[in-house]
């Protein structure tokens, strides 16, 4: 059997020892040593859908942009309308290059009139920082751009029981915190930015606080949440959860070669807001009609297509897989793929080449999984 | 890590159980544990012949796919059909119900080149 190597090198988050204690299997991800799983990816995934899961996501990057021109800079950088990040609203947005290709997909918090917090993908932190600084300099914006990742610990508490687990530990009335809203509060007496966001397709929270309190909050949550079925979850489940919810992963569904429009993120691209990086290219792409687009596939066997594997219809190659995995909650194999226009329709069959053999797949609507909004948790 | 005394092993974490001139092949407890949840198995057709060390199938977990290699040269005379619908049997019972193929070795001399239980144990502990 091939490939049973151990990971080496890489940065440790403040909770590394906790992961080892909890039986985490450590791998290298974007230069960070994090658990891919503790017990089993399937078990951890189901835990999040049915109860709750706790993820150490400290590898994500946090960048602060502050100054009189902070808003103008953000508005130029992102495709979404930054003026919608009013009060305690969080916005999700792609960030593009001039040619419409994607730099990263990020969350934007307007902490104050002139101060923004951007949360970026782990693998892109250095690149994004440079990109933001470069843009600030080119326009002579009066801003300070700071990478505060090293002084920020981020946890994600996700699942239908997340609110029930977190509420006893915080002074903030979580029933008043809607989806994609944030608040400054205390969790286990520790100052914390609570954000009702996540990467799993479930209700849940992302918590940002000082690393020195990491172990305390991690342990408190796991202890309090035990009766509700809370378990620590690793990167493996994080990926299977986001794929079931059809959430993009940078480097797969988004990249310098893939625009947000091609990735199906049109609602986060506000051409009408005024000029921004990539606007002309995206406008052109929209007007000309997309030449390729992201679709959802359900494999008719359980063989898993991986990134790059070709997709065929009637003998012709029509695109490639961007992400594929076994979906534990849906109990089947699913994939996202980028296919050329004219696009295949939902219900049609295609073939995917996996290790030299062709396997059948059906085009299905996205997302693969959607939580019921009338959840009584 | 369970390593039955009565089996032979490869460096690539396959096991072989000979009975007369037929042998059963699977992957070890160490291998199934490293892989995590197995969700798909690709097995060869009955009748196909492979050389020692050649990949005869694939085991797919959530995170990755791994080739499985023939411990010795031979012909496939049976495959475990149950694994098609229930690949997780390999995780649950890698040495018993999780067997993958049955072979007729074509060159019995090669069997001597395999590791015994203590040899495999050493490999796994030092690896």
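Coordinate-derived values only; no laboratory data. Keep in mind it's a predicted model, so treat the numbers as computed, not measured. Don't worry about glycine lacking a Cβ; one is built from the backbone with ideal geometry, like all the others, and counts go over all protein chains shown.
What is the stretch A:162-265's relative contact order, in percent, from Cα pairs under 8 angstrom and six or more apart in sequence?
Answer for the stretch A:162-265 is 19 percent.
Count the DSSP beta bridges whose two residues both fall in the stretch A:158-314, then state the antiparallel fraction as a percent rounded to the nearest 5.
Bridges in the stretch A:158-314 are about 90 percent antiparallel.
Quick one: grab Rg to one decimal and Dmax as a whole number for the stretch A:61-147, Cα atoms only, in Å.
Reported Rg and Dmax, both Å: 11.5, 32.
Could you work out the helix-only [θ] at 222 nm for chain A, with each DSSP H run of four or more residues adding -39,500 (n - 2.57) and the total divided by the number of residues, to the nearest 500 deg cm²/dmol?
After summing the helix terms and dividing by residue count, I get -5500 deg cm²/dmol.
Within the stretch B:1-32, whose backbone N sits under 14 Å from a point 7 Å along Cα→Cβ of residue B:75?
Residues B:21-23 fall inside that zone.
Per residue of chain B, what 222 nm ellipticity follows from adding -39500 (n - 2.57) for every DSSP H run with n ≥ 4, rounded to the nearest 500?
After summing the helix terms and dividing by the residues of chain B, the value is -4500 deg cm²/dmol.
Quick check on chain A: take the gyration tensor over C-alpha atoms, sort the square-rooted eigenvalues as a ≥ b ≥ c, and tell me if it's rounded (a/c under 1.5), prolate or oblate.
Oblate is the answer for chain A, as a/c is 1.5 or above yet b/c matches or exceeds a/b.
Provide a whole-number value for the mean count of partner chain Cβ atoms within 10 Å of the Cβ atoms in peptide B:54-62.
Across B:54-62, the average partner-chain Cβ count within 10 Å equals 4.
Given an 8 Å cut-off on Cα distances and at least 6 residues of separation, report the relative contact order of chain B as a percent.
About 31 percent, as a whole number.
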